[in-house]
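Let me begin by presenting the structure, written as structure tokens, before commenting on it.
The values are calculated or read from the model by the stated rules, or taken from the named source; none is laboratory data. Being a predicted model, the structure only gives us computed values, none of them experimental. Here the Cβ positions follow ideal geometry from the backbone for every residue, glycine too, while neighbour counts run over all protein chains shown. SASA here: full protein model, heavy atoms, side chains in, ligands and nucleic acids out. Shrake-Rupley method; radii C 1.70, N 1.55, O 1.52, S 1.80 Å.
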Amino acid sequence: MVVLFLLVTNAFSQTKVSGKILDAQTREPLPFVGIVFKGTQTGTTSDFDGNYSLSTTNNVDSIIVSYVGYKRNSKKIARNISQTLTVLLEQNSIELAAVEVRPGENPAWRILRKVIAHKPQNNREKLSAYEYETYNKLEFDLNNISEEFKKQGMLKPIKFIFDNIDSTNKNEKPFLPLFITETLSDYYYKKNPKSKKEIVQGSKVSGVQNSSISQFLGDMYLNVNVYANNLILFEKSFESPVSDNGLFFYKYYLIDSMFLGNHWCYQLQFKPKRKQEYCFQGNMWIADTTFAIKRLEMSIAPDANINFIKALAVVQDYERVDSTWMLSKDKLVIDFIPQNKAMGIYGRKTTSYKNFVINKPRNDNFYSNLNNLQVSSNAVEQSDEYWNAVRHDTLSKNEKAIYKMVDTIQKLPVYKTWVDLVTMFVTGYKTFGYFDVGPYYNLVSFNSIEGLRGRIGGRTSTKFSKWYELNGYVAYGVKDNQYKYSMGYKTFLSKNPRTIVGFSYKDDYEILGQSSTSYGQDNILSSVFRARSLKNMTAIKRTEAYYDREWVPGFDTKILFTNKIFSQILGEKYLFNTPSNRYDERQFINASEVSFITRFAYHERFVGEDFTRVSLGTRSPILTFQYTFGGNGIFGSEYDYHKFVFTVDDRLYLAPFGYLNYIAEGAQVIGKLPYPLLLIHPGNETLIFDYTSYNMMNFFEFVSDRYVSLGLFHHFDGFFFNKVPLFRKLKWREVFIAKGLLGHLNPKNLDVTVLPTGLSSLNKGPYAEVGAGIENIFRIFRIDAYWRLTYLDNPGISRFGIRGSLQLSF
């Protein structure tokens, strides 16, 4: 009877501990942390969200918490009761102690080599086909909120939002949930021919109903495939811990072996070999026999040369489906911070996958659409009942509160004021009801021809209409006493597919050949940072009409009719002379042309559905082809001609040596033409760097009727500077630039007009310039030194120059 009493007492005298494991600094949950009762073999690991639970009937008084890269922590516990205990772990900055290496191989290397060898089998893209349902949840939270910030007067109308600060656990870092999105989609993949497709079935964005945002929030663009050798994050190429070259970049340690579910796994720790390289640190659990990744926890090395990111963690969990390992849960946490101890933003993305279908490809027609990311027509209109039924997990109390909070804020007048200010800064326009006035940077400028120039203009706002827009401006030069103006109209014929027609008329001065990426001649920055007096402008009356259709995002065709009348600016020695009558200027040149322009950027992403939208870029080359036909007699045109222009613009990631941007172009003009209708090469007479111009070439210096050009811009991303202690601390980055141009001008074109003083051909050989620069100065500045290598005897040129620019990048 006594024995029975003791057994019963022991069974009910159980010590149970549960809680959460957090990073002591960021208060972020830590997954897969080892927790064990002191003096026993009873233990567990924290789950995906840092939660843990373990119990024992043994007589214990503490738990031991250990995690690679963090200091070991011991916590006292009460015996024979259930209790909740949150444990904070501090990062361990102390390097692993040196060990004596005896004959034999590091066992971690043997396992890593097997992981690399098995990558083709374990990478899901080996399958003939697969599909699944994916649920994405993305949340942004404000952190490091100080009491001083809460008391700011500008926040008085929305002080109620601070009632939503998450402070349910005194040990967790308080944060204010600001924004949340949910997306449910079906994803399809086929290997041969390689095709992928995603259909967004539901999209819920706090405060926003926009299908373009829904596209961006699908699974296709937010997936980190660790089996790839390089992972592109924040436009930087990070070496994967299971890269084929992993042993060159990482140190590996075999830490433990254990069962995870039904799979015996090896735990490997990895850390960068060198400072400030684009690498990760963390742990991975490798399944025995298949050598597939079962679990992965990694974060960017804290000293990586990247801006505005305090921390980034990736956690992935894989499960075996049939004979294939598939990603089942994926979590990404980013701590954005402008500078140390400043208020920042958490970005949290959680993705889960289910309903896998393996090796059952659909017919080719299912994948045939070039637009492989589609949004269902009712995706943004799904009901709360729909979301309650389809969510892979439930929303927390704070997450539910975000939707209500954002809807409330958007109804406040102060919210509209803030949106208008941000919009004005980004777009250049200030909204007044039905009209947008601007751009503000064109309101005032100056040059040697017009003197002080004032300009007032604008466009109708989306409140006026979301389907059509009227725009225009009026400008006046104090010195030349001339008015200039422009007016235009454009309208959507369809928003899916995106189809626009438009018309415009402009009577103003222009710099012939100026690149499309440079600041215009009436931009205040061009005036302030001009390196020499602006003299080479031409008066142009330009009439345009166009039809523009986007077949799928990134694939666009435009048909453009243009009539251009070039004339001399009053009082300027800028003549259209002919060889037979050199001293009598022509009054004008009239040309009409029709252009067919096709631009293809595979998988290019956009945000925005109005006329003005933002491209989020593409990882594929951007190809542009333009054919132009000029017809004699059309609206007074005097010339027949054909023009062909082909451009390739791309970025190549060359880890660990940074990345290379290049732009290659070729063009040909067929016809006998005056120089304004030929190919005038873009120069730059400002102190501001211009990507598509020749930064040491003057405006209006060279003209051709055919040419090929190549521009190379290599960003080393600190590859050399990171190895120098001072530069490593400054986080400067190196840039190298080389640009070349090979052109030709047929003498028959000189029978039409004589080239004015300062304008010449490239018949003596190629033009070339090189540059070297430093970017990321104070995180926002870039300075380049340029050397001109050819045509050094041309009058008025500079052999050496400095160019600068503002450059915000990670």
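Between Phe720 and Lys273, what length in nm is gained on full extension when 0.36 nm per residue of separation is reduced by their alpha carbon distance? Let's see the in-between values first.
On the way: separation 447, 0.36 × 447 = 160.92 nm, distance 1.56 nm.
Additional length available on full extension: 159.4 nm.
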Go through Ile500, Val65, Phe702 and say which Cα lies farthest out towards the positive end of the charge dipole of the chain; charges sit on Cβ, +1 for Lys and Arg, -1 for Asp and Glu. Val65
Rank Val224, Gly282, Ile293 by how far each Cα sits towards the positive end of the charge dipole of the range 223-317 (+1 on Lys, Arg Cβ; -1 on Asp, Glu Cβ) and give me just the farthest. Gly282
For Ile569, distant residues with modelled amide H under 5 Å away: Ala539
Which Cα, out of Phe629, Phe179, Thr44, lies furthest along the positive dipole direction of the chain (beta carbon charges, K/R +1, D/E -1)? Thr44
For the pair Leu652 and Gln668, the simple spin-label estimate (label points 7 Å beyond Cα toward Cβ) gives in nm 2.6
Counting only protein heavy atoms and leaving out ligands, DNA and RNA, the solvent-accessible surface of Asp256 at a 1.4 Å probe, in Å² to the nearest 10, equals 70
Listed pairs Lys484/Lys564; Lys236/Lys731; Lys16/Lys75; Lys236/Lys271; Lys119/Lys329 exceeding 22 Å between Cα atoms: none
Just flag the trypsin sites (Lys or Arg not before Pro) in the range 682-779 sitting in loop per DSSP whose Cβ has no more than 16 other Cβ atoms within 10 Å. Lys764, Arg779
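To the nearest 0.05, what FRET efficiency results for Phe596 and Trp467 with a Förster distance of 25 Å applied to their C-beta separation? Can you show the working numbers first?
Details: r = 26 Å, r/R0 = 1.03.
In this case the efficiency is close to 0.45.
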Rounded to the nearest 500 deg cm²/dmol, what is the calculated helix-only ellipticity per residue at 222 nm for the chain, with -39500 (n - 2.57) per DSSP H run of length n ≥ 4? -3000 deg cm²/dmol
Might you work out the accessible area of Trp467 for me, using a 1.4 Å probe with all protein chains in place, and round it to the nearest 10 Å²? 120
Would you please give the residues with an amide H less than 5 Å from that of Phe606, counting only those at least 5 places away or on a separate chain, with H modeled from the backbone geometry? Leu616
So if R0 is 56 Å, what FRET efficiency would His744 and Lys479 give, r being the distance between their Cβ atoms, rounded to the nearest 0.05? 0.90
Can you compute the modelled spin-label distance between Asp364 and Ile64, with each label point 7 Å from Cα toward Cβ, in nm? 6.2
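At 0.36 nm per residue, and after removing the present C-alpha to C-alpha distance, how many nm does the segment from Ile199 to Asp322 gain when stretched out fully? Numbers along the way, then the final one.
Numbers: separation 123, 0.36 × 123 = 44.28 nm, distance 2.46 nm.
Taking 0.36 nm per residue and subtracting the Cα distance, the gain is 41.8 nm.
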Set the Förster distance to 56 Å, then compute FRET efficiency between Thr499 and Ser257 from the Cβ-Cβ distance, nearest 0.05. 0.40
Ser53 versus Thr612: modelled label distance in nm, points set 7 Å from Cα along the beta carbon direction: 5.3
Measuring from its Cα centre, the range 267-381 shows a charge dipole (+1 at each Lys and Arg Cβ, -1 at each Asp and Glu Cβ) which, in debye to the nearest 20, is 320
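Would you mind working out the magnitude of the charge dipole of the range 355-458 relative to its Cα centre, with +1 at each Lys and Arg C-beta and -1 at each Asp and Glu C-beta, to the nearest 20 Debye?
Numbers: 11 positive and 10 negative charges, 35 e Å.
It comes to approximately 160 debye.
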Proximal lysines relative to Lys558, as straight alpha-carbon distance under 23 Å, when same-chain residues fewer than 8 apart are discounted: Lys466, Lys490, Lys495, Lys506, Lys541, Lys643
Residue-normalised accessible area of the range 418-494, expressed per residue, 1.4 Å probe, Å²: 56
Using a simple charge model, +1 on the beta-carbon of Lys and Arg, -1 on the beta-carbon of Asp and Glu, nothing else, what dipole does the chain show about its Cα centre, in debye to the nearest 20? 1300
